[in-house]
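Here is the structure we will look at, set down as C-alpha cells.
Quick note: the coordinates plus some simple rules give every number you see, no bench work behind them. Bear in mind the structure is a predicted one, so any value in this text is a computation, not a measurement. Cβ placement follows ideal geometry from the backbone for every residue including glycine, while neighbour counts extend to all protein chains displayed.
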Amino acid sequence: MDRDAPLASPTSPADAVPLYDARASRNIAFIGLGLCGAAVLLGVVAAFGGDSTPLNSMRVALVFIGMVTTGAAISMRPDLWWMWGLGVAASTLGFFGLSPDWDSFHALLLVMAGVSVFAMLLRLSSLRWRIVIISAMLMFHFVGIFSAVTSPPTSPWLTDQAFTRVYNPYLQFIYMRNAYHFYSPEPGPASILAFLLKTETGTDPTTGRARYKTEWIVMPRKPIDVRDPLGLSYYRRLSLTEQLARGNAGLAMPNDQFEKTDVWYRRNSRTPDAASRRELDRSEAIQIPFHPTEVPTIRQYKLPNADVARFILPSYASHVILDFTPDKEAAAKTTVKVYRLEHQALPVDQFRLGLNPFHPGTYRPYFLGEYDARGNLLNPQEDFLYWMLPVVPRTPGPGDPNKKGYIDYMSVHATGMKPEEVLAADEKDGQVFDWNQLRWSSLR
Amino acid sequence: MSTPTTPPARPWWRGWTDFWFTPGDPTTIAFVRISTGLLVLYIHLAYSFDLQAFFGKHAWYASAFVERERHESPSYAQPFWAWDQPFAFPRLPDYPHRRQAFMKFLRALPESSPTDTSARVAALAYINRAYSFQNPGEFNHALAYVQQMPSRTEMERYLTALAGNKVETITEITGDGPKKVDISESYKANTPDFYANLSTDERAKVANEVRTLWNLLDGIAWGDAERRGRNYVFNHLVEIPPDGRKALLDFVNSLTKENAAEQKRLLDYLEYWNNDPRVALRTGSNIFSIWFHITDPTQMALVHAAVCVVILMFTLGLFTRVTSVLVWIACVGYIHRTQQVLFGMDTMMNILLFYLMIGNSGAALSLDRLIARFRASRASLARSGTIDANTRAFLACPPPSVNAAFAMRLLQVHFCFIYMAAGLSKLKGPAWWDGRAFWDVVVNPEFTLMQYTLYEEALRAVTKLKPVYYVTISFAVWFTLFIEIATPFLLWTRLRWVVIFLATAMHAIIGVLMGLNLFELLMVVMLLAFLPDRVIRDRFRGGPGLAKLTFAFNPANAAHTRAASLALALDIDNQITLVPDKAATATSVASADGKAATGTEGTAAFTRGLRLLSMLSWLLWVPGVRALLTRRLFPR
C-alpha cells in the first residue's frame, strides 16, 4: 500500500473516521440519565430520612458521574439533535438530583440545560438559520465584552444600562467582566500587610493587668511566599494586599464635614505638637506626628472602600488570627492590628543618588483597625484609624546611641511603646516591627 | 489592450460568513490547547501550596463571607425611563463608628408590625416633620435644634420655651452675689422661627415629637461617656446629600410596614451591603464553585488532585470535548471562589479556556487524534483491506474544521478588544504621557526582579546619564502604547508578522521586568491564534530523513488489522508502509535493511524507528507499558 500516493482532501472527519454507533451513544447517555435519575430518587429518600448527609454526598457523586457520562455520549454524536435533547434531560435531572446546598451548581446545570437546548435547536435548523443564530450570539457576546470594557466609571448611560441590566449576569458567570484597563490610568505602588497579633496569656500578679504575647506577621513574606519557581504564589498574595488599597484618599471631599472635622480633630490631638500646645498630660496616650513630607496632612487619611471595610478586611484579620494561633481558645484571646504598608517606588532623582529602595522611610503604613477572631472591629473610634503612621527618616548624630536611620511610628502605635523605646529596641527581638524582613534578603 | 477588471465586490454577509465560518486547520487551536494546558496545569499545581489559605473555610477570604456575597450582593441600575427619578439609595456612613452609631439608632426604633405602627411612627415623626420642610437648611436647623439638647433638663427647658412658657429662673453667682436670672429668652432665641411661629397646638405636637425622639436617643447605650454616637446620627442625617437623605428616610419609614423578622433582615442587609435589597435590580451573584460546597481539607485535596489530572488529560488532548468543559468549569470554580487572589493572568487563562471549549481543540496534536487515526485506519482496513484515499488524507493531516477556526476567530477578536482597551485606557494617565509609568513599574521594589542587586545596579546605571534615562522611559511608553493601540489594526494586514514579533517582545520584556511570567506567557499564547496553520504544523513534522519502516500483517486476522491500525495511528510522520501478507502468522516490523522483528524486539525496533514513539520511549520504563504495547502491536 503506497502511502505516498496523491491525497484526496476529506471535508469532514466522518469521511474517514466512522461515526460512533448512535445506539451505543444513546445507551451511554441513558446510563448518565439513569445516574442523575438515581440522584433524584435518593433526594426523595433523603427528604423522608433522618441524617441525609451521606445520601447527599452520594447524590453529588451520582450527578457528577451522570453528567460526565452524558457529556461523553453527546461528544460521541454531537450531530444528532436528540443527543442534545438527552443532555437537556440529564441537566434537568441533575438539577433536581443535587441537594439544595449545592445551589451554585444548580445554576450551572440550568446553564448546561440551556446550552443543550440551544445546540438542539441549531441541529434542527437549516445551515442558513444556524449561521443567523450563531451570528446573533456572536454579536451578543462581543457587545457584552464591549460593555465590560467601557463599564469603569465614568461610563455612558448606554453601557451602564446594557451592562447592569443585560450583561452582568452573563459575563459574571463566564468571568469576562474585566475591562482590561491594565496599569491604567497609572501604575500604583504595591502594598504589604503587617499584622500584630496580641494574645492574652494571663494576668500580672503584681499589677493585676493582663499580660500579652505579641507576634508580627507580614504578607507576603520574602522569600517564603515565593513557593513556586515562577513566583505565582507570591503574586497572588500581592493581589490580596492590593484589595485593601482601594479607598478614598484624603479628607477634602465635599460632604461629611462634621465627620471629617471630628476625624481630623481626634488625629490632630494625638500629635506631639498639639499635646504640648495644650499642655496636656498625655503621658498615657501615645503621640504620633504627621508624616513630614506628605502634605497637606489630610492626604494622610485613607478611608477604605465599603466592601473592604465591611468584609474583606474583617475576613483577612480573622484568617490571620485563626492561622497563627494554635487553637480556638488562643484565637478567642487574640486580637490583631492590621497595617497596610504602601511601598513607594523611589523617584528617579532619589534612586540615582543611591538611596535604598527598601529603606523603611519608603513605606507609608496605614492603620486599618484592630480586630478579634470573628473579624469585629474593636474600636471604630480609634483616633488613628485609617491614618498614615509615619516612618520618619532621621540622621543619628556622632554620639547618638541609636544608629537607626528612622523612627518607626507604626511600632509606636502597635506596641504602645514610646518613640525612644522603639528607637532603642532591637528589631530582631520581635517586639517592634523588623523592617529588614521586607527586603529580598535571601539573594541580596 | 484590455483594461484590468476589478473582481465583483462580495456582499457583506458573504464577508461575514467567510470571516467566521470558513473551515480551518485545527492544528493552531490544538497548539494553543497544549500551551494553555501546560500553563493552566502549572497555575493549579501552584495552588496546591495554598489550597486552604485561598479556598478553605478560614481562607483569607473566608467561606462565610463569600457565601454571603454570592447570595446577597446587590446590583442596581439607573432608571431606564424616568428622567426625574433620582439614582439614590439608602446609605450608611462609610466611617465605621458613624455607621455603628446609625445602626444602633435604627435598631433602637420601637418595634412595629404592619397592624400596629404607632410607636415607630411616633419615634420618626420629628425627623419626618423636619424632612417635610422645603428648604434643606431648615431640615438641618430642625435637627440641630434637638442636637443641642444635651440633657433631659435642657430638653425640658427648650420645650417649655417652645410652648411659650417661662423657663424656670436660675440662680447665678455674680460679683454682686447670688442673682436670680430669667433664661427664657436665650432658649426662645435658639428656637427655630419655623417652630416659634406655629400655633399653640402645633407647637405642643412638635414638643411631643421632640420628646419622643430625644427619649429614644437617650435610651441607646452609645458605649462612651460623651455619647458621641448621638451626634453621629444627627451629623449623618444632616450631611447626607438630599437624594440620599430621601432614600434613607423612605427606607426607614418603609420598615414600619414590615414584620419584625423582615425589619431585622432589612437592617442587617443595610448594615452589610449599604443598601435596600427591595430596590435592587437583583441580589446575589451568578457564580459557581465546588469550593463553595467542599471545605473539608481532605476532600479539597482530593478534588484538587482530580482537577489537576483532568487538566493534564485536557493538555494531552484526551477526551478533549469532555475534559475541555470540565477544565473550564473547574478553573472558573477557583476563580469565582476567591477573586481577591486574582490578577490579569486569571482573566487571560479563562478567556483561552472558554474559547478552547467551543472549538474542537482535540482534533490535532492530541491523544484524541491518535484514537481517531486508529479508528480511521481500522475502518479502512475492515472496509477494503487497505488504506483508502480518504483515510490517507485523514492520516496525513487533520481535516479542516469550522468550529476550530471559529474558536480561533473568537480568540483573535477578543484579543483585539483586550489590546485596544489596555492601550486606550492608559492614555488617561499622565504618567503614560511623560514616561513615569515605565519607571514606576521597573523600579517597583515588590516585583521579583528587584531581589537581584545586579538589576538594581543596571537601573542605577541607566540613571547616570539624564538623556539616557529620558530616552529609555519615553521609548518604553511609546512602544507600549503603539503596540497596544496599533496591534488590533495591524494584525489584519501584511504587517501581522511584525506586530506579532513586537508584541511578543513586549510581553517578554514585561514578563522579565515585572516577574509576571505566566500572565505574559498566556498573552503570547493568545498571539499564537494569529499564526497561520502551516507554521505550527510544519514545526511538528519530522524531517525528510526519517527512517522508513514496513509493518507486515495478515488482513484476514482481526488482531492483526487492529495492530496495523495502531501502528498507523502512532505513525504521525508517514514512516510506515503496511504490507498485507495473507500467510503471516504474526505481525512484524522491518526497517529499511529488511530485518524483520516481532514481539519485544519488534516493540524495541518500533519505538526506535518511529519518531513519535522515540520521543516517548521513556514511557516504556513505566511498568506494564512495554508489555501492553507488545501485546497490541504483535499479537500472538
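Couple of notes before you dig in:
- In terms of its C-alpha gyration tensor, the range A:190-438 comes out rounded, because the ratio a/c of the largest to the smallest axis stays below 1.5.
- Dipole magnitude for chain A: about 580 debye, using +1 per Lys or Arg Cβ and -1 per Asp or Glu Cβ, origin at the Cα centre.
- FRET efficiency, 1/(1 + (r/R0)^6) with R0 25 Å, evaluated for A:Glu294 and B:Thr453 via beta carbons: 0.30
- Shape analysis of the range A:100-146 places it in the oblate category; the axes a ≥ b ≥ c from the Cα gyration tensor give an a/c of at least 1.5, with a/b not above b/c.
- Distant-in-sequence amide H partners of A:Ile192 (H built 1.01 Å from N, under 5 Å): A:Leu341, A:Glu342, A:His343
- Beta bridges per DSSP with both ends in chain B, % antiparallel, nearest 5: 75 percent
- Between the amide H of A:Leu303 and those of A:Asn248, A:Gly250, distances stay under 5 Å, these residues lying 5 or more places away or on another chain, with hydrogens modeled in the peptide plane.
- For the range B:10-129, the Cα gyration tensor yields ellipsoid semi-axes of 54, 30, 12 Å (square root of five times each eigenvalue, largest first, whole Å).
- Built amide H within the under 5 Å cut-off of A:Ser269, gap 5+: none
- Using a Förster distance of 25 Å, the FRET efficiency for B:Ala119-B:Asp250 (Cβ separation, nearest 0.05): 0.80
- Cα long-axis angle, helix B:367-384 against chain B (0 to 90 degrees, to the nearest 10): 40 degrees
- Residue mean of other protein chain beta carbons inside 10 Å, A:169-176: 6
- The Kirkwood radius of chain B, taken over pairs of alpha-carbon atoms, gives through the Stokes-Einstein law at 4 °C and 1.567 mPa s a diffusion coefficient of 40 µm² s⁻¹.
- Adding -39500 (n - 2.57) for every DSSP H run of four residues or longer, then dividing by how many residues chain B holds, sets the calculated 222 nm ellipticity at -19500 deg cm²/dmol.
- Under the Karplus curve 6.51 cos²θ - 1.76 cosθ + 1.60, θ = phi - 60°, whole-Hz ³J(HN,Hα) for the range A:314-327, x wherever Gly or Pro sits: x, 5, 4, 4, 4, 4, 5, 4, 5, 7, 10, 10, x, 8
- Taking the charge dipole of chain B about its Cα centre, with +1 at Lys and Arg Cβ atoms and -1 at Asp and Glu Cβ atoms, the residue from B:Phe19, B:Ala163, B:Phe606 reaching farthest to the positive side is B:Phe606.
- The range B:602-610 - phi-based ³J(HN,Hα) in whole Hz, Karplus 6.51/-1.76/1.60, Gly and Pro as x: x, 4, 4, 5, 4, 5, 5, x, 7
- In plain terms, the residue of B:Glu202, B:Glu72, B:Glu446 with the fewest other Cβ atoms within 10 Å comes first and the most crowded comes last, giving B:Glu202, B:Glu72, B:Glu446.
- Cα-based convex hull volume of chain A per residue, rounded to whole Å³: 293 Å³
- Listing B:Cys416, B:Cys397 from fewest to most neighbouring C-beta atoms within 10 Å gives B:Cys416, B:Cys397.
- The calculated FRET efficiency for A:Asn402 paired with B:Arg265, based on their beta-carbon distance and R0 = 60 Å, is about 0.60.
- Per the Debye formula on identical point scatterers at the alpha carbon atoms of the protein assembly as shown, with no solvent, log10 I(q)/I(0) at q = 0.04, 0.07, 0.08, 0.09 Å⁻¹ is -0.29, -0.82, -1.01, -1.21.
- Percentage relative contact order, chain B, counting C-alpha pairs under 8 Å, at least six apart: 18 percent
- In terms of its alpha-carbon gyration tensor, the range B:112-154 comes out oblate; a/c meets the 1.5 threshold, while b/c is at least as large as a/b.
- Under the Karplus curve 6.51 cos²θ - 1.76 cosθ + 1.60, θ = phi - 60°, whole-Hz ³J(HN,Hα) for the range B:266-280, x wherever Gly or Pro sits: 5, 5, 4, 5, 4, 5, 7, 9, 6, 6, 10, x, 6, 9, 6
- When the range A:337-425 is described by a simple charge dipole with +1 on each Lys and Arg Cβ and -1 on each Asp and Glu Cβ, the residue from A:Pro396, A:Met417, A:Phe351 located farthest towards its positive end is A:Phe351.
- By other beta-carbon atoms within 10 Å, ranking B:Lys595, A:Lys302 with the fewest at the front produces B:Lys595, A:Lys302.
- Packing, taken as the mean count of other beta carbons within 10 Å per residue, orders the peptides B:205-215, A:214-224 from highest to lowest as B:205-215, A:214-224.
- Here the Kirkwood formula puts the hydrodynamic radius of the range A:41-138 at 14.6 Å, using every distinct Cα pair.
- Gyration tensor analysis over the Cα atoms of the range A:74-114 returns equivalent ellipsoid semi-axes of 23, 8, 7 Å (largest first, whole Å).
- Gain upon complete extension [B:Arg228, B:Ala396; 0.36 nm per residue less C-alpha separation]: 52.3 nm
- Positive-end extreme of charge dipole, the protein assembly as shown - chosen from B:Leu367, A:Trp440, A:Thr199 (charges on Cβ): B:Leu367
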